[in-house]
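The values are calculated or read from the model by the stated rules, or taken from the named source; none is laboratory data. Only a predicted model underlies this, so the values are computations on that prediction, with no experimental measurement involved. Cβ: placed from backbone, ideal geometry, glycine included. Neighbour counts: every protein chain shown. Accessible surface areas use protein heavy atoms only, side chains included; no ligands, DNA or RNA. Shrake-Rupley method; radii C 1.70, N 1.55, O 1.52, S 1.80 Å.
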Amino acid sequence: MSSRIPGFRHLDVGERRRAVAEQAGTDLATLDGLGADAFGTEQAAAMIENAIGVFPVPVGVATNVVVDGREVLVPMATEEASVVAAASNGARMTRALGGFTTSATAPVMQVQIQLVDVPDPRAARLRLLEHADELVALADEQDPRLVQVGGGVRGLQVRLVDGAHQTYVVLHLAVDVRDAMGANAVNTMAEALAGRVAQIGGGRVVLRILTNLADQRLVRARAVLRAEDVGGEQVVEDMLHGYELARVDPYRAATHNKGIMNGISAVVLATGNDTRAVEAGAHAYAAVAHPPYGSLSTYERDGDGHLVATLEVPMPVGLVGGATRVHPSARAALSVLGVSSAAELGAIITAVGLAQNIAAVRALAADGIQRGHMSLHAKNIAASAGATGDEVAAVVDRLVAEGAFRQDRAEEILADLRAGSTG
Ligand code: MEV
């Protein structure tokens, strides 16, 4: 299996599917789950309330990705024209020195229980900690199946949080949720514990909900790049300057991290996971781990002068529950990824986030973003101007050649083309 498929982008959609099925060792019929008619209004209505339709988003495949020595083709769902090409490009630059290496914490999600009107918050904290074993046992009882597969509560913590008018006692349960995203599991536990927590702590319980700042469920990815693969020493130097601005300046960090999330959210969405949970976790972590708000990735030179890029992010994604199992497109995407655990999925998602970031930082340092970005965006412009079928490529070629990425120009080119072909 290789994730490097030369000429992939020149194939038509059917040929691409065959190439992907062959490389990923998956049944071609499974990829029908990515067809435009695979998910209809009936399924939509079964999934949410008040459904009136579906909103198709393109799914592309990022090539060139190697994660922990395994070649992997990565389905990405995105509306942004340049994302899949950039991820593939970033991944290609890492291949010479082995692609991406990952590591992770255990899949531990945390849930909060808020106590208000506690007369003695400091003593309440200790009373709750004295009852930790009882509370943990009660939480584990809520999900025997999770405990059976090796998950369950891993820790109990009580924090005192100063609100404007009183000090809240906030109990945290840290729960190993194994292959689930875990929101339902931990929220159920928190609701079951609330009564007993109020009895022990005093006061009353208000909120019982997971925290999306999943800072005990982290995945890390690392890649080493040769200067010649990113465009030379000067590009490396300028990538380091670009990174440094993202490290110290929240205005740049927000955009830098948005680029990382271009990759991460596209795979999260393609696999039927909760994009908002992962986005919220990433940005909250960028604030808590890199105050006041900084880059989620790092760039350095190693002892050999190579560029080393790293990324560490909360990764609350699952393979069980949610849309992952029921949505035919998510099932197809997971089959292409060939993953059998949430940990493996999280590793690939994080690697793609880093690939995306490498491509963006490199493009910004080397050519500026518009050259590549607008060439790809030209497809959208051509389509908005009304080009269909072969016309799209013809209009795109002209727009790129002229460096004119405007719809009015696309319309003129299209009119010329049509006049030429009918005249
Ligand atoms: C565009 O969607 C993402 C970038 O702005 C990311 C970045 O600036 O690093 C290109």
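A Förster radius of 30 Å, combined with the Cβ-Cβ distance separating residue 228 from residue 249, puts the computed FRET efficiency at roughly 0.50. Averaged over its residues, the stretch 170-248 has an accessible area of 42 Å² per residue, based on protein heavy atoms and a 1.4 Å probe. The spacing between the stretch 361-423 and the stretch 294-331, judged by their C-alpha centroids, is 32 Å.
Under the membrane-span-like helix rule (DSSP H runs whose alpha carbons stretch at least 27 Å along the helix axis, mean Kyte-Doolittle hydropathy 0.0 or higher), the chain yields 250-270, 342-366.
Multiplying the residue separation of residue 130 and residue 15 by 0.36 nm and subtracting their alpha-carbon distance yields 35.1 nm.
Accessible area per residue for the stretch 1-110 is 53 Å², calculated with a 1.4 Å probe on protein heavy atoms, without ligands, DNA or RNA. Using R0 = 30 Å, the C-beta based FRET efficiency linking residue 145 and residue 207 works out to 0.70.
Note on residue 384 and residue 293: the model spin-label points, each 7 Å out from Cα along the C-beta direction, lie 2.7 nm apart.
Using a probe of 1.4 angstrom and keeping all protein chains present, the accessible surface of the stretch 302-418 works out to 41 square angstrom per residue.
Of the solvent-accessible surface of the chain, computed with a 1.4 Å probe and all protein chains present, 52% belongs to carbon and sulfur.
In percent, rounded to a whole number, the relative contact order of the stretch 372-422 is 40, using alpha-carbon pairs under 8 Å and six or more apart. Under the criterion of Cα pairs below 8 Å and six or more residues apart, the relative contact order for the stretch 137-265 equals 15 percent. Using the alpha-carbon centroid of each, what span in Å lies between the stretch 221-252 and the stretch 82-110? Answer, in whole Å: 16.
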